[in-house]
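Undergrad: Pasting a structure here, questions to come.
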Amino acid sequence: MGDRELNLLRAVAEVGRLPESRVTALSSFYETSPVGNVNQDSFYNAVLRLTTRLDAHSLLTHILRIEEESFARVRTIHQGPRRMDLDLLLYGNSSINDEKLVIPHPRLTERRFVLQPLCEIAPDLLHPLTGKTIHALLDSLKSDETVVKL
């Protein structure tokens, strides 16, 4: 919601200011059709790579704080409109599954709006559970999502 491109730029800047962290790659911005709750405007999406010394749980805490403090995120409608939604997709080769965090993101392999920008910055990256490259996952994806580079 709001100025979607500016919100993405602000989010990248906020993530880049995290302690012991540095943004090392950023995809293009993409306009994408909504998934799930489809009676809403399209979304803007992007993927960034972060080099960090924060552990995965601390990183999640920081990105949730950014959503709330910088973008006044209130979770009211599942998959509904929002100013910002930051997801932790991967954390190196880690596989984490606990009550607070699931890594890799459980729907990463099902979402063109995630795979397409991720493929732009890391096509040969191996998914820790499937062992397939991001490029291969994108090529094999069956989806009617619309994803357009801005």
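Undergrad: Need pairs with beta-carbon distance below 9 Å; first residue closer than 27 Å to LYS142 by Cβ and acidic (Asp, Glu) and within region 85-111, second modelled with pLDDT of 95 or more and not in a helix (DSSP H, G or I); sequence gap 6+ or separate chains.
TA: Hits for this filter: ASP87/HIS105; GLU110/LEU141.
Undergrad: Taking region 1-37 as the search range and keeping residues that are of a type in the set (Asp, Glu) and surrounded by 14 or more Cβ atoms within 10 Å (Cβ to Cβ), which one is farthest from VAL148 (Cα to Cα)?
TA: Per the stated criteria, the residue is GLU14.
The values are calculated or read from the model by the stated rules, or taken from the named source; none is laboratory data. Here the structure is a predicted model, which means the values were calculated and not measured. Note: ideal-geometry Cβ built from the backbone for every residue, glycine included; neighbour counts use all protein chains shown.
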